[in-house]
Amino acid sequence: MKLYAHVRRKSPNAFKLQVALEEANASYEYVAVDLSAGEQRTSAFLTLNPHGKIPVLVDGDFVLAESGAILWYIADTFPGAGLLPPPGDVTVEARQQRARILQWSDFAFTAVYPAYYDVYLHTASLAPDKRNPLIAESATQKYVRAVGVMEMVFSARAYLAGSYSIADIALAAVIQVAKDRVPGDPANRPAINDWLDRVTSRPAWTKAVAAAG
């Protein structure tokens, strides 16, 4: 396997895939793509992903883009990692568990990550003259709302879908970065911190951190 992803290996969309691959004990090569140098627009990269976006996973002749799809593929390819119910399990319980994992993965992808990223862009990342305080305020409200949902969930159970899964990896990768980048750290709440400690203390997370440098 080859994973084409951000030069900053701790970028959430790159890091979550490294954690999943470590959970699976998978052998892979990390290929850093320098967006600032335009490497995502080269003909070689566009052959892999015409959208010109990272990450991209290459597994033999199979090429897959979009971090959520890649995360799911890794979990399905390595059922022994226990990140999803086994693909062959068609019981009602397994189908519902897979749906629940998808639900909370979507929450991480569509609610938490975009809100966090807009807050970061318009409070710190962009040049001061390009920051929009209205966007920052709106994004902060969305982020705080999502954090409130998380606090309710983790006050009732240890992991998003009941047991540890790719949903937890996806969300933790964002929250870990957001804690340093969202002013005031709205996610600094007991139940969320306890969950984050459970996820980030796993050996796979530690290995991914060490590899990312």
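The values are calculated or read from the model by the stated rules, or taken from the named source; none is laboratory data. Note that this is a predicted model, so its numbers are computed, not measured. Note that we place each Cβ from the backbone using ideal geometry, even for glycine, and neighbour counts take in every protein chain shown. Calculation scope for accessible area: heavy atoms of the full protein, side chains included, ligands and nucleic acids excluded. Shrake-Rupley method; radii C 1.70, N 1.55, O 1.52, S 1.80 Å.
Taking the range 96-113 only, how many residues are in contact with a helix residue (DSSP H, G or I) (Cβ under 9 Å, 6 or more places away or on another chain) and surrounded by 15 or more Cβ atoms within 10 Å (Cβ to Cβ)? Steps first, answer last, please.
Taking the range 96-113 as the starting set, the residues that turn out to be in contact with a helix residue (DSSP H, G or I) (Cβ under 9 Å, 6 or more places away or on another chain) are 100-109, 111-113.
Among the residues that remain, those that are also surrounded by 15 or more Cβ atoms within 10 Å (Cβ to Cβ) are: 100-102, 104-105, 107-109, 111-113.
So the count comes out to 11.
On the given criteria, is residue 83 at pLDDT 95 or above and in a loop (DSSP other than H, G, I, E, B)?
On the way: at pLDDT 95 or above: yes; in a loop (DSSP other than H, G, I, E, B): yes.
Yes: the conditions hold for residue 83.
(1) open to solvent by 40 Å² or more (accessible area, probe 1.4 Å); (2) of a type in the set (Gly, Ala, Ser); (3) in contact (Cβ under 8 Å) with a residue 12 or more places away in the chain: which one isn't true of residue 26, the others all being true?
Answer for residue 26: the failing condition is (1).
Got a sec? Which of 3, 21 is in a helix (DSSP H, G or I), open to solvent by less than 60 Å² (accessible area, probe 1.4 Å) and under 18 Å from residue 208 (Cα atoms)? Break it down stepwise before answering.
Details: 3 fails: in a helix (DSSP H, G or I).
Matching residue, one of 3, 21: 21.
Results for (1) over 16 Å from the mean Cα position of the chain (by Cα); (2) closer than 17 Å to residue 177 by Cβ; (3) of a type in the set (A, V, I, L, M, F, W, C); (4) assigned to a helix (DSSP H, G or I), shown as yes or no for each residue.
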position: 97; (1), (2), (3), (4): yes, no, no, yes
position: 109; (1), (2), (3), (4): no, yes, yes, yes
position: 112; (1), (2), (3), (4): no, yes, yes, yes
position: 129; (1), (2), (3), (4): yes, no, no, yes
position: 137; (1), (2), (3), (4): yes, no, no, yes
position: 142; (1), (2), (3), (4): yes, yes, no, yes
position: 151; (1), (2), (3), (4): yes, no, no, yes
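Restricting to the range 172-213, what's the tally of residues that are part of a helix (DSSP H, G or I) and either among the charged types (D, E, K, R) or farther than 19 Å from residue 141 by Cβ (or both)? Give the steps one after another, and end with the answer.
Kept after step one, since they are part of a helix (DSSP H, G or I), are these residues of the range 172-213: 172-181, 190-200, 203-212.
Keeping just the survivors that are either among the charged types (D, E, K, R) or farther than 19 Å from residue 141 by Cβ (or both) gives 172-173, 176-177, 179-181, 190-191, 193-200, 203-212.
So the count comes out to 27.
How many residues, within the range 41-73, are surrounded by 12 or more Cβ atoms within 10 Å (Cβ to Cβ) and either of a type outside the set (A, V, I, L, M, F, W, C) or more than 17 Å from residue 106 (Cβ to Cβ) (or both)?
20
What's the total number of residues in the range 79-95 that are buried (at least 17 other Cβ atoms within 10 Å of the Cβ) and more than 18 Å from the chain's Cα centre (by Cα)?
Just the residues of the range 79-95 that are buried (at least 17 other Cβ atoms within 10 Å of the Cβ), to begin with: 81, 83-85.
From what is left, the residues that are more than 18 Å from the chain's Cα centre (by Cα) are 85.
Of the residues in that region, 1 qualify.
Can you name the residue in the range 149-203 that is basic (Lys, Arg) and either free of Cβ contacts under 8 Å to residues at least 24 places away in the same chain or exposed (fewer than 13 other Cβ atoms within 10 Å of the Cβ) (or both) and is also farthest from residue 93 (Cα to Cα) among such residues? If you could, list the steps in order and put the result at the bottom.
Within the range 149-203, the first condition is being basic (Lys, Arg), and the residues that meet it are 157, 179, 181, 189, 198, 202.
Next, from what is left, pick out any that are either free of Cβ contacts under 8 Å to residues at least 24 places away in the same chain or exposed (fewer than 13 other Cβ atoms within 10 Å of the Cβ) (or both): 157, 179.
Values: 157: 18, 179: 34 Å.
The qualifying residue farthest from residue 93 (Cα to Cα) is 179.
Consider residue 139 carefully, then state whether it is in contact with an Asp or Glu (Cβ under 6 Å, 6 or more places away or on another chain), without any contact (Cβ under 8 Å) to a residue 60 or more places away in the chain and surrounded by 14 or more Cβ atoms within 10 Å (Cβ to Cβ).
On the way: in contact with an Asp or Glu (Cβ under 6 Å, 6 or more places away or on another chain): yes; without any contact (Cβ under 8 Å) to a residue 60 or more places away in the chain: yes; surrounded by 14 or more Cβ atoms within 10 Å (Cβ to Cβ): yes.
Yes, satisfied.
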